[in-house]
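Worksheet for the structure shown next.
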Amino acid sequence: MSDAPGQPKLTTVEGIRIEAAAYHMLSRAIGVSKTEGIEYGGVIYRNETTKQIHATGPIKGEPVTVDVGQHKINLGLGDNLKPLAWYHTHPLYELENIQFNNEPAKLEWDKFIGGDKEISDYRQIMGYVATRDGRFWRYDPPPEVQDSNYGPGSWGVVNFPRMRTGAKEVMPPSQTAW
C-alpha cells in the first residue's frame, strides 16, 4: 500500500467542479473496471464559450493503460475546449504474464507514477485515479516540468467517500456538466 499523504479537497469554485466531475465519472467506471481488469478513463475539460465543465468517456482501455487522447493535440478535444484534468482507473492489484512496451509490467496500483505522471506533467493538468479498493486519488503536477522524470508533483488520497466497486457495467453519467 502507498504511504502517500492525503490530498485536501480543492477549494476554488472551478476546482470543486473539476473534482466533482472526476469523482462522478470514476464512480461510474470503477466497478466494471475492477470486474473486467481493464482501465477506463477520460478527460475533464471546460467549454471556453459556456464556461461549463464536461468530461469525455469513460473510455475503455487495456489492463494497464487507457488512451484518453494523450498522444493527440489538445487531448483530442476541439479548439474551444480546454483540458483541465484527466481521470482513469487502476483495477488490478497484480499482473501475471503481462508485457507493457515489450517489458514485464510493473504494477503499483496505489501510486501515480510513470505514464500517469507524464500525462499530467506534460499537459500541466491534474490527474485522478480510482483504485480497485474504491479510493479516489489526485495528482497535482509540479508548476513546470523539471527534468526527464517529470517530478516531483504531489499526490494522495482525496477526502471523499470510498466508491462502490461492485458494478457489472459502466454507468452512464447522471449529469453532463458541472
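The values are calculated or read from the model by the stated rules, or taken from the named source; none is laboratory data. On a predicted model such as this, the values are computed, not experimentally measured, just so you know. Glycine also receives a Cβ, built like all others from the backbone with ideal geometry; neighbour counts cover every protein chain displayed.
Selection of first residues in the range 25-48 that are under 18 Å from Leu77 (Cα atoms) and free of Cβ contacts under 8 Å to residues at least 40 places away in the same chain and of second residues that are of a type in the set (Lys, Arg) and surrounded by fewer than 24 Cβ atoms within 10 Å (Cβ to Cβ), restricted to Cβ pairs under 7 Å at least 6 apart or on distinct chains, gives the following pairs, ordered by first then second residue: Tyr45/Lys82; Arg46/Lys82; Glu48/Lys82.
The strands (runs of 3 or more DSSP E) found entirely in the range 104-178 that carry 2 or more residues being at pLDDT below 85 and more than 12 Å from Trp86 (Cα to Cα) are 154-157.
Taking the range 57-93 as the search range and keeping residues that are under 12 Å from the mean Cα position of the chain (by Cα) and among the β-branched types (Val, Ile, Thr), which one is nearest to Gln124 (Cα to Cα)? The selected residue is Val68.
The requirement of being assigned to a loop (DSSP other than H, G, I, E, B) and under 14 Å from the mean Cα position of the chain (by Cα) is fulfilled nowhere in the range 19-35; no residue meets it. The sole residue among Glu19, Glu14, Glu48 that is crowded, with 20+ Cβ neighbours inside 10 Å and modelled with pLDDT of 90 or more is Glu19.
Among the residues of this structure, Leu81 counts as one that is without any contact (Cβ under 8 Å) to a residue 40 or more places away in the chain, surrounded by 17 or more Cβ atoms within 10 Å (Cβ to Cβ), in contact with a helix residue (DSSP H, G or I) (Cβ under 9 Å, 6 or more places away or on another chain) and not β-branched (Val, Ile, Thr). In this structure, Gly42 does not qualify as modelled with pLDDT under 90 and either closer than 15 Å to Ala29 by Cβ or not in a loop (DSSP other than H, G, I, E, B) (or both). Scan the range 107-124 residue by residue and report those that are touching a Phe, Trp or Tyr at 6+ places or on another chain (Cβ under 8 Å) and among the polar types (S, T, N, Q). If the condition is that a residue be touching a Phe, Trp or Tyr at 6+ places or on another chain (Cβ under 8 Å) and among the polar types (S, T, N, Q), then Ser120 is the only one that fits.
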